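Note sheet for the following structure.
The values are calculated or read from the model by the stated rules, or taken from the named source; none is laboratory data. What you see is a predicted model; the values in this text were computed from it and never measured. Cβ: placed from backbone, ideal geometry, glycine included. Neighbour counts: every protein chain shown. These area figures cover heavy atoms from the full protein model, side chains too; ligands, DNA and RNA do not enter into them. Shrake-Rupley method; radii C 1.70, N 1.55, O 1.52, S 1.80 Å.
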2 protein chains.
Amino acid sequence: MEHKLKTYKKGEEFDYSYALGASPTIELLKNRPEDCFQVIFSPSYDDKDDKIKKLCGKYKIPCEENQKIINILSPKENCYAIGAFKKRSQTVDKNKSHVVLDNPSDMGNLGTIMRSCAGFGIQDIAIIGNGADAYNPKTIRASMGAFFHVNVECFADIRDYLKVYGERETYTFMLNAEYNLAELQSADGVGVYSLIFGNEASGLNYDVYKNVGKSVVIKHSSNIDSLNLPIAVSIALFWFTK
Amino acid sequence: MEHKLKTYKKGEEFDYSYALGASPTIELLKNRPEDCFQVIFSPSYDDKDDKIKKLCGKYKIPCEENQKIINILSPKENCYAIGAFKKRSQTVDKNKSHVVLDNPSDMGNLGTIMRSCAGFGIQDIAIIGNGADAYNPKTIRASMGAFFHVNVECFADIRDYLKVYGERETYTFMLNAEYNLAELQSADGVGVYSLIFGNEASGLNYDVYKNVGKSVVIKHSSNIDSLNLPIAVSIALFWFTK
């Protein structure tokens with residue numbers, strides 16, 4: 001597959017994206033080699049044991065030394081390798097628990113959440129709305145390569161998600177909630193469940209969610225308005241999977 | 001106090017710093033008015049109820065509309081107010097529990113940790129080494145103003161910290177640990193304690209810490225190398241304060 005690599009832009013016409021950095025590129029090659037169609041590395045990259053080259057050889061992926069392309073595709077310094085990969089259509093697994101993010105807006109947060117999801121073993125992530133782009137190289141970079149360990153399905157509206165997954169055990173995280181996380185039993189025996197979190201600034205819309213599942217709060221002092229979103233998600237993941 | 005405000009630089013010669021943004025500036029004015037010596041706001045700032053102006057009036061702090069200074073001091077867009085404040089010498093409270101960060105390197109992480117500390121009520125933070133600058137406006141911005149709710153004391157070396165606080169209950173967070181956080185009792189009855197975390201990339205140095213306190217791990221799958229630092233700190237805070 002020959003490809004002229006362009007700077008990533010969000011949108012349907014862009015059917016591929018990039019793993020920026022050696023470590024995300026290795027995660028890509030190890031976990032999704034069938035999606036990777038080109039690897040670029042920097043002449044100054046010290047590839048211990050020729051890991052990237054060997055993986056590219058194994059899966060017959062074109063692999064080229066080219067600092068110029070790296071400078072174009074990765075505005076940050078310290079990027080020694082880039083893996084270009086086709087986006088794939090993913091769906092969350094109906095037999096597994098999900099993290100649901102309603103309109104997240106920050107790609108760094110989204111990547112950090114993917115990392116925690118991969119770490120705590122809830123790898124199915126539903127993203128509602130058209131906010132932070134799960135495929136943006138910034139998201140993938142913030143995930144430290146965990147992007148290639150999770151399944152991300154996008155839904156235009158939470159109602160579309162609930163139409164399919166509305167019957168399972170559902171927990172909605174909001175400040176004005178019925179349950180305190182620290183008093184909830186962990187998820188033993190619950191079966192599959194969904195943990196739903198709102199936007200960084202606005203949270204979940206109470207009117208939309210008031211009849212959806214159990215509302216849960218992670219209690220904190222009034223010295224802060226709210227917890228950082230990836231932190232709230234990760235504390236919930238820790239609690240439910242411990 | 002008349003002051004020509006300059007772009008912030010790390011170092012002892014810089015004895016002041018900035019709260020960038022309206023919400024951190026309000027936190028500064030509410031919690032540390034005695035440290036604030038000047039407030040700048042943008043002509044396009046819509047100050048509901050004149051909150052900032054009223055606080056400046058109350059504490060007799062000079063307050064000036066000046067977009068040019070904002071553009072110089074805050075390279076990011078969407079900064080509508082800046083509070084300039086003198087650094088103060090702080091010490092952690094010996095009668096309270098501490099979060100100890102050994103050589104954190106990222107200011108965004110440091111700010112996010114401050115936010116969680118303020119949220120979970122452990123407001124005394126010891127920073128070891130000369131890594132991320134606690135006073136950098138980026139740290140303060142990432143803290144969402146929680147900077148003005150915490151006490152930060154810097155130590156050159158962990159040994160200096162342990163000389164003073166080595167007798168209390170101490171938990172060192174590392175992958176190769178004796179205890180699993182989820183199996184530890186929460187902190188009821190422990191008295192004051194210190195939670196110690198290492199650098200983002202290198203963690204805690206086992207040789208330095210092998211005889212210090214109890215080592216604790218937050219278990220995660222092998223799909224990730226480690227949890228993001230603020231996430232590890234926040235999960236521990238949640239667990240110990242729940």
Cα radius of gyration and Dmax for the stretch B:142-198 (Å): 14.0, 36
Using the alpha-carbon centroid of each, what span in Å lies between the stretch A:143-213 and the stretch B:114-180? 31
For the protein assembly as shown, report the translational diffusion coefficient in µm²/s to the nearest whole number, using Stokes-Einstein at 37 °C, 0.692 mPa s, and a Kirkwood Rh over Cα pairs. 136
Pull out a ≥ b ≥ c, the square roots of the eigenvalues of the alpha-carbon gyration tensor of the stretch B:72-135, then state rounded if a/c is under 1.5, prolate if not and a/b is larger than b/c, and oblate in the remaining case. prolate
Once normalised by the length of the stretch B:37-107, the mean sequence separation of its alpha carbon contacts under 8 Å that are 6 or more apart gives a contact order in percent of 41
Give me Rg over Rh for chain B, both radii from the alpha carbons and Rh done the Kirkwood way, two decimal places. 1.02
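In Å², nearest 100, what accessible area do chains B and A bury in total when the solvent probe is 1.4 Å?
For chain B against chain A, roughly 2200 Å² becomes buried.
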Over the protein assembly as shown, give the accessible area per residue in Å² for a 1.4 Å probe, as an integer. 48
The protein assembly as shown: Cys lacking any partner C-beta under 4.7 angstrom: A:Cys36, A:Cys79, A:Cys117, A:Cys154, B:Cys36, B:Cys79, B:Cys117, B:Cys154
J(HN,Hα) series, the stretch A:76-93, from Karplus relation 6.51 cos²θ - 1.76 cosθ + 1.60, nearest Hz, glycine and proline x: 6, 6, 6, 9, 9, 8, 9, x, 9, 9, 6, 5, 10, 6, 10, 10, 6, 8
Note every residue of the stretch B:143-170 with a reduction of at least 20 square angstrom in accessible area, all protein chains present versus the isolated chain, computed with a 1.4 Å probe, or write none. B:His149
Go from 0 up to the bin containing the longest alpha carbon distance in the stretch B:1-73, width 5 Å each, and give me the % of pairs per bin. 3, 15, 28, 27, 18, 6, 2, 0
Excluding residues fewer than 8 positions from A:Lys96 in its own chain, the lysines with Cα under 21 Å of it are A:Lys163, A:Lys214, A:Lys242, B:Lys219
If you wrap a convex hull around the C-alpha atoms of the stretch A:192-242 and split its volume per residue, what is the figure in Å³? 95
Label points for B:Lys4 built 7 Å along Cα→Cβ; distances to same position in the other copies, nm, shortest first, come to 5.2
Every other copy gets compared here: list the nm distances from the B:Ala201 label point (7 Å along Cα to Cβ) to its counterparts, shortest first, one decimal. 3.4
Spatial extent of the stretch A:1-134: Rg and Dmax, with the Cα atoms as the point set, Å: 15.7, 45
Inter-copy label distances at B:Leu175 (7 Å, Cα→Cβ; nm, one decimal): 3.8
Neighbourhood charge, 10 Å Cβ-Cβ cut-off, centred on A:Leu20 and excluding it, Lys, Arg +1 and Asp, Glu -1: +3
Kirkwood estimate for the stretch A:133-228, i.e. one over the average of 1/r between Cα atoms, Å: 15.4
Please list, in chain and number order, the residues 5+ apart from B:Val216 or on another chain whose amide H is under 5 Å from its amide H, with Hs placed from the backbone. B:Thr172, B:Phe173, B:Met174, B:Glu178, B:Tyr179
In whole angstrom, and with the biggest value first, how far do the Cα coordinates of the stretch B:100-154 range along each principal axis? 25, 20, 13
Calculated [θ] (222 nm, deg cm²/dmol) that DSSP helices of n ≥ 4 give over chain A, each run adding -39,500 (n - 2.57): -8000 deg cm²/dmol
Roughly how far apart, in whole Å, are the Cα centres of the stretch A:223-238 and the stretch B:41-60? 30
Output ³J(HN,Hα) for the stretch B:210-220: one whole-Hz value per residue in order, computed from phi by the Karplus curve 6.51 cos²θ - 1.76 cosθ + 1.60 with θ = phi - 60°, and x for Gly and Pro. 4, 10, 9, x, 9, 8, 10, 10, 9, 5, 9
Can you give the three extents of the C-alpha atoms in the stretch B:60-193 along their principal axes, from longest to shortest, in whole Å? 55, 28, 27
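Here are some pairs, A:Lys68/B:Lys138; B:Lys10/B:Lys138; A:Lys86/B:Lys76; A:Lys10/A:Lys87; A:Lys6/B:Lys138; which of them have Cα atoms lying more than 22 Å apart in this structure?
Violating the 22 Å Cα-Cα cut-off are A:Lys68/B:Lys138; A:Lys86/B:Lys76; A:Lys6/B:Lys138.
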